[in-house]
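Asker: So that we are looking at the same thing, I have put the structure below in C-alpha cells.
Throughout, read-outs are computed from the coordinates displayed, never taken from laboratory work. In this text the structure is predicted, and so the values were computed from the model without any measurement. Cβ sites come from the backbone with ideal geometry, for glycine too, and all protein chains shown count toward neighbours.
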Amino acid sequence: MSGGWTCSHQIGNICDLLNRVCEPGTKGCTLYGKALFSDPTTPSNEAIERRERMRNKIEMEELIKKARSGI
Ligand code: SF4
C-alpha cells in the first residue's frame with residue numbers, strides 16, 4: 001500500500017485530462033483553485049487568493065451597506 005495522494009488522471013507522469021506531463025495545480029488540473037500549494041508560483045494559489053479577495057470585497061460591501069442603512 002502506498003501512502004500519499006494519487007490522482008485518477010495521472011498515468012505514469014502524464015495527465016490524461018490535459019494530455020501533458022502532470023503538473024498539479026496548473027490551470028485545467030482538478031486541483032486548480034481547490035488546493036493551496038507550498039510553491040507560491042503554482043497557478044492554483046493565485047486562483048484561491050483571487051476568490052478570497054473577491055469574497056472579502058463582497059463582505060466589506062455588505063457591511064458598508066448595512067452601516068449606511070443603520071442595521
Ligand atoms: S495535472 Fe492535475 S488532474 Fe492532471 S494528473 Fe496531475 S494532478 Fe491530476
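Asker: Count the lysine pairs in segment 10-69 whose Cα atoms lie under 27 Å apart, taking only pairs 8 or more positions apart in sequence or on different chains. Write out the running numbers ahead of the final one.
Answerer: Values: LYS27/LYS57; LYS34/LYS57; LYS57/LYS65; LYS57/LYS66.
Within segment 10-69, the lysine pair count is 4.
Asker: I've got another one for you. Considering Cα pairs under 8 angstrom that are at least six residues apart, work out the relative contact order of segment 10-69 and quote it in whole percent. Before the final figure, lay out each step's value.
Answerer: Working: 50 pairs, mean separation 11.1, N = 60.
That works out to 18 percent.
Asker: Per residue of segment 43-60, what does 6.51 cos²θ - 1.76 cosθ + 1.60 with θ = phi - 60° give for ³J(HN,Hα)? Whole Hz please, x for Gly and Pro, Karplus curve as stated.
Answerer: x, 4, 4, 5, 5, 5, 5, 5, 5, 5, 4, 5, 5, 4, 5, 5, 4, 5
Asker: Now a separate question. Where does the charge balance sit around ASN13 when Lys and Arg score +1, Asp and Glu -1, over other residues with C-beta under 11 Å from its C-beta?
Answerer: 0
Asker: Quickly estimate the mean residue ellipticity at 222 nm for the chain, helices only: each DSSP H run with n ≥ 4 gives -39500 (n - 2.57), and the total goes over all residues, rounded to 500.
Answerer: Here the helix-only value at 222 nm equals -13500 deg cm²/dmol.
Asker: Here's another thing I want to ask about it. Can you check what the net charge comes to around GLY33, using other residues whose Cβ is under 14 Å from the Cβ of GLY33 (Lys, Arg +1; Asp, Glu -1)?
Answerer: +3
Asker: Let me ask you something else. Over all alpha-carbon pairs in the chain, figure out the percentage whose distance exceeds 18 Å.
Answerer: Here the long-distance tail beyond 18 Å is 55 percent of all Cα pairs in the chain.
Asker: Taking R0 as 22 Å, what's the FRET efficiency between LYS27 and CYS7 from their Cβ-Cβ distance, rounded to 0.05? Please report the intermediate quantities before stating the final value.
Answerer: Details: r = 15 Å, r/R0 = 0.70.
It comes to 0.90.
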